[in-house]
Structures are given as C-alpha cells and as structure tokens.
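Have a look at the structure below before the remarks.
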Amino acid sequence: MSLTDALLDRSSARPLITFYDDATGERIELSGVTTANWAAKTANLLRDECDVEPGTTVAVLLPAHWQTAAVLLGAWWCGAQIVGEPVGADLVLCDRERLDLALSAAPPLGVVALSLHAFGAGIDGLPAGVVDYATEVRLHGDDFVPWEPVPDSAPALDGLPVERVRDSARSRAAALGLSGSDRVLSTLDWSSPGGLSDGLLAVLAAGASLVQVRNADDAALTRRAESERTTIRLG
C-alpha cells in the first residue's frame, strides 16, 4: 500500500484542505476527491514525464500549500522517497524563489517548478528543461494506477519506510488528540520533519480536516477559527 492510500480517503466529498494565504487573500477548499484528483495528476506527471518510480528520491522545496500536499501525495503514490535536501536527489520540485538552488543541485531527472499561483498561471522564462508544473499537470488524468504495488518496506521519507511514516502519523494524531471530526487550524511550516508530521501527515492520518494558513495574519486567526469552526489549533 502506498503512503497516499494510507493517508487519503479518495472517496470523501467533505472538505479536506482549506488553504488561506493572508498575504494575497487567496482561499481554496478541496475535498478528499479533489485532493485525490490533484495527487493523481501529479503522480501521472512525475511518472510519465519525469521517470519517477519506486525508490526515486524527490526533494520538495515548497511551502505549506495545498499544491504541496498534492505533490507529496502524488510522489508517494509513485513510490518515491521524499528527501529534504536537493543535493543528491534524483528530482527536485521547487517554487520560483528556490529555482536557483534546485538547478545548482543538478538532479539527474531534472527540476519541476511551481508558481503556486491562485489561478493556475505558470512561470514565464523558465530555463530549458525545467518543467512548469501549472502548465503540464493539467494535461494529465485524474486517475492514477501504479505499475507495481509499493511495499511497506519501501523508503518514503528521509529513509524511513512507508510503514514507519504511516505508523508515526497515526501515533502523532493520537498524541495531538485528533479525530475524524476535527477541523485543524494550522500555521505550521512543512519544511521541518516535525512540522510536516504534525501539520499534514497526522491530520490526514486522523481523517480530520485541515485549515492551513500561509503568511498568517495573527489578528485574523481568531476570527478565522470561528468562521471555519475549527476545533484544534497547531502553530
């Protein structure tokens, strides 16, 4: 079972991720079904255009964002291992701000750049060979069928196997008191192992709903907690 299958209810129509960016005013809400569609599109892109397969190491240089969730879930669906450093990775996915860092690592499978634009705009003027995620991902299907099952022993996150990452996510969900009825307001960054574990993986493992805020305006968080009817706050 891939880590994506362990974490994501692909049949759920209820809100799974509600994303805010207080710097831009962006708000987007994704159900489990919609999140799964984006993860499938990403998995198809990574496998068919970037040659990602079980064991491929993928560095993700992205902020806590709904598209980052799709990237992580899509990469795990392919059986990839997510790593924190671009040097030595087979493939790097990054935002515009970290494109130079990604290119300097010279990953053999290349670089995929994300604009993270609210309306899906791509990035103009990318160097030759860099894949523009926003342009390419929409060309891929909403369903993904792996060529081979991903074993529990396969590395998934910084050397930890699928089984360990899955069990750790469930353990952290229990420690945080998360359940499937919770709506979690979080400002945690996913660039650290602890932030990713608590801010995304534990929430998904619990079957809870995530309200993720980027560039948080502290003055608005209390009001947002009330309007989104959140039950737990992280960060």
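The values are calculated or read from the model by the stated rules, or taken from the named source; none is laboratory data. None of these values were measured; they are calculated from a predicted model. We place every Cβ from the backbone using ideal geometry, glycine too, and count neighbours over all the protein chains shown. SASA here: full protein model, heavy atoms, side chains in, ligands and nucleic acids out. Shrake-Rupley method; radii C 1.70, N 1.55, O 1.52, S 1.80 Å.
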For this session: Please turn the phi angles of the stretch 136-144 into ³J(HN,Hα) values with the Karplus equation 6.51 cos²θ - 1.76 cosθ + 1.60 (θ = phi - 60°), one per residue in order, whole Hz, x for glycine and proline.
Result: 7, 5, 6, 7, 9, x, 7, 10, 9
Exercise. Kirkwood Rh, the chain, all Cα pairs: how many Å?
Worked result: 17.7 Å
Exercise. Where Lys and Arg each count +1 and Asp and Glu each count -1, what net charge lies around Leu73 among other residues with Cβ under 11 Å from its Cβ?
Worked result: +1
Problem set entry | Surrounding net charge for Leu139, when Lys and Arg each add one and Asp and Glu each subtract one, Cβ distance under 15 Å | -3
Seminar exercise, completed: For the stretch 141-235, the charge dipole (Cβ of Lys, Arg +1; Cβ of Asp, Glu -1; about the Cα centre) points to a positive end, and the Cα of Ala156, Thr230, Leu210 closest to that extreme belongs to Thr230
For this session: In whole Å, largest first, what are the principal axis extents of the Cα atoms in the stretch 156-208?
Result: 31, 21, 14
For this session: Could you go through the stretch 29-35 in sequence order and give the Karplus-derived ³J(HN,Hα) for each residue, using 6.51 cos²θ - 1.76 cosθ + 1.60 with θ = phi - 60°, rounded to whole Hz, and x for Gly and Pro?
Result: 10, 10, 7, x, 4, 5, 4
Exercise. What's log10 of I(q)/I(0) for the stretch 13-74 at q = 0.14 Å⁻¹, Debye sum over Cα points only, no solvent?
Worked result: -0.46
Exercise. Just by accessible area at a 1.4 angstrom probe, what is the order of Ile82, Ile28 from largest to smallest?
Worked result: Ile28, Ile82
For this session: With a 1.4 Å probe and every protein chain left in place, tell me how much accessible area Asp5 has, in Å² to the nearest 10.
Result: 60 Å²
Exercise. Please state the equivalent ellipsoid semi-axes for the stretch 114-235: what are the square roots of 5 times the Cα gyration tensor eigenvalues, largest first, in whole Å?
Worked result: 28, 24, 14
Exercise. How many angstrom lie between the C-alpha centres of the stretch 72-145 and the stretch 159-209?
Worked result: 23 Å
Exercise. What is the distance in Å between the Cα centres of the stretch 46-62 and the stretch 30-45?
Worked result: 16 Å
For this session: For His140, His117, write out the residues from largest to smallest accessible area, computed with a 1.4 angstrom probe and no ligands counted.
Result: His117, His140
Exercise. Among all stretches of the chain without exposed trypsin sites (Lys or Arg not before Pro) (DSSP loop, at most 12 other Cβ atoms within 10 Å), which one is longest?
Worked result: 1-137
Exercise. Using only helices, what value at 222 nm comes out for the chain when you add -39,500 (n - 2.57) per DSSP H run of length 4 or more and divide by the total residues, to the nearest 500 deg cm²/dmol?
Worked result: -9500 deg cm²/dmol
